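Input: one structure, supplied below.
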Amino acid sequence: MTELLYCKNHPQTSALWQCDWCHSTWCGQCVRAIQLSGLTTAACHCGGGCHTTQVTNKDRNMVYSRPKNLGEIQIIKGKWSSYLNALFYPFSVNGILLVIIGVIGYFITSLVLVINILGFLPIFAVYTGFMAACYQNALRTSSEGREDFPDWPDITEFLSDILVPGFHWVACSLYCLIPLFIAIYIQSFPLFLISIVLGALLWPITLCAVTMTQSLAPLFRPHALIASIWRTAGEYFAILLISGVIFGLITLMTVFAALINPWATIPGLFLYFYYMCVVMRLLGLFLVFNEDRLEWFG
């Protein structure tokens with residue numbers, strides 16, 4: 001007769017999961033979702049992986065997802081299906097609101113820039129910080145295996161939750177533009193083209209490293225960033241290629257629309273902020289699938 005197991009935290013609730021390390025048993029509310037080899041599974045608070053208690057020993061080598069409801073077990077789609085589903089990631093209340101806020105904020109900062117450049121600087125700092133915080137939260141929560149769009153940054157912690165993410169975002173961008181600045185200074189057109197490609201290649205992995213470490217320390221270890229790209233080259237370049245093509249199409253559409261009617265650029269702005277949400281999701285999933293091959297903390 002099969003032994004009936006109960007949750008360690010909820011003794012009246014049947015256990016759906018048992019940790020392979022500490023052997024504790026848990027219900028669906030007491031485990032967290034992680035990614036292993038492109039699939040989502042449940043993990044214990046001790047860090048160990050869990051197997052479901054609802055199947056036979058023969059089936060326990062399979063990877064199961066965290067159940068959404070008591071007794072429900074789901075087999076999760078593979079890596080590239082997860083990447084494809086990133087296109088639908090912004091279609092939630094918070095995701096749609098972020099896109100709208102991004103567009104409205106863009107027009108407000110542009111208007112203030114025309115009226116008063118001194119007033120533009122604090123508004124630009126708040127706007128950039130807020131958007132950067134939201135994007136980095138999306139990247140971070142995606143890297144933790146969460147499917148939902150993250151909550152808003154805590155504006156009561158203005159320095160740590162708004163200004164610091166904005167500063168990190170700007171620092172990453174300037175860091176990746178250093179070769180471009182050098183090319184402009186020495187007036188070399190071939191180096192100018194190379195620096196653009198190099199900056200586009202380096203920015204995503206730099207943002208990932210800074211976001212996950214919540215510091216600028218990775219900027220002082222370019223060799224580790226380059227090594228991370230090298231170790232994940234195929235998948236990394238595939239994501240960059242797809243993202244670049246989509247960005248190029250959005251840019252071309254917006255430019256042509258501007259030539260016809262300046263107001264026609266508004267749909268392009270919505271698409272751009274939608275695109276940024278998708279990119280953050282892609283980068284978060286990239287971290288999940290390649291965590292063991294990244295060299296940021298060595």
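The values are calculated or read from the model by the stated rules, or taken from the named source; none is laboratory data. All of these numbers come straight from a predicted model, not from anything done at the bench. Positions of Cβ are generated from backbone atoms using ideal geometry, with glycine treated the same way; all protein chains shown enter the neighbour counts.
Might you let me know whether the range 187-196 holds any residue that is under 28 Å from residue 289 (Cβ atoms), exposed (fewer than 14 other Cβ atoms within 10 Å of the Cβ) and of a type in the set (Phe, Trp, Tyr)?
Looking through the range 187-196, none of the residues is under 28 Å from residue 289 (Cβ atoms), exposed (fewer than 14 other Cβ atoms within 10 Å of the Cβ) and of a type in the set (Phe, Trp, Tyr).
If I filter the range 18-31 for residues that are at pLDDT 75 or above, charged (D, E, K, R) and in contact with a strand residue (DSSP E or B) (Cβ under 6 Å, 6 or more places away or on another chain), do I get at least one hit?
no
Sticking with this structure for a sec: Have a look at 240, 287, 259 and point out the one that is touching a helix residue (DSSP H, G or I) at 6+ places or on another chain (Cβ under 6 Å), part of a helix (DSSP H, G or I) and either surrounded by 13 or more Cβ atoms within 10 Å (Cβ to Cβ) or at pLDDT below 90 (or both).
Exactly one residue qualifies, and that residue is 287.
So how many residues does the range 224-261 have that are under 21 Å from residue 87 (Cα atoms) and touching a Lys or Arg at 6+ places or on another chain (Cβ under 7 Å)?
0
Among the candidates 224, 183, 233, single out the residue that is without any contact (Cβ under 8 Å) to a residue 60 or more places away in the chain and within 26 Å of residue 142 (Cβ to Cβ).
So the residue among 224, 183, 233 that is without any contact (Cβ under 8 Å) to a residue 60 or more places away in the chain and within 26 Å of residue 142 (Cβ to Cβ) is 233.
With (1) crowded, with 17+ Cβ neighbours inside 10 Å; (2) of a type in the set (S, T, N, Q); (3) under 23 Å from the mean Cα position of the chain (by Cα); (4) modelled with pLDDT of 75 or more as the list, and residue 85 as the residue in question, which single condition is left unmet?
(1)
For the range 171-224, which positions are within 23 Å of the chain's Cα centre (by Cα) and among the polar types (S, T, N, Q)?
173, 206, 211, 213, 214, 215 - these are the residues of the range 171-224 that are within 23 Å of the chain's Cα centre (by Cα) and among the polar types (S, T, N, Q).
Still on this structure, please answer the following. Restricting attention to the range 123-145, does a residue exist that is outside any helix (DSSP H, G or I) and in contact (Cβ under 8 Å) with a residue 24 or more places away in the chain?
The answer is yes, given that some residue of the range 123-145 is outside any helix (DSSP H, G or I) and in contact (Cβ under 8 Å) with a residue 24 or more places away in the chain.
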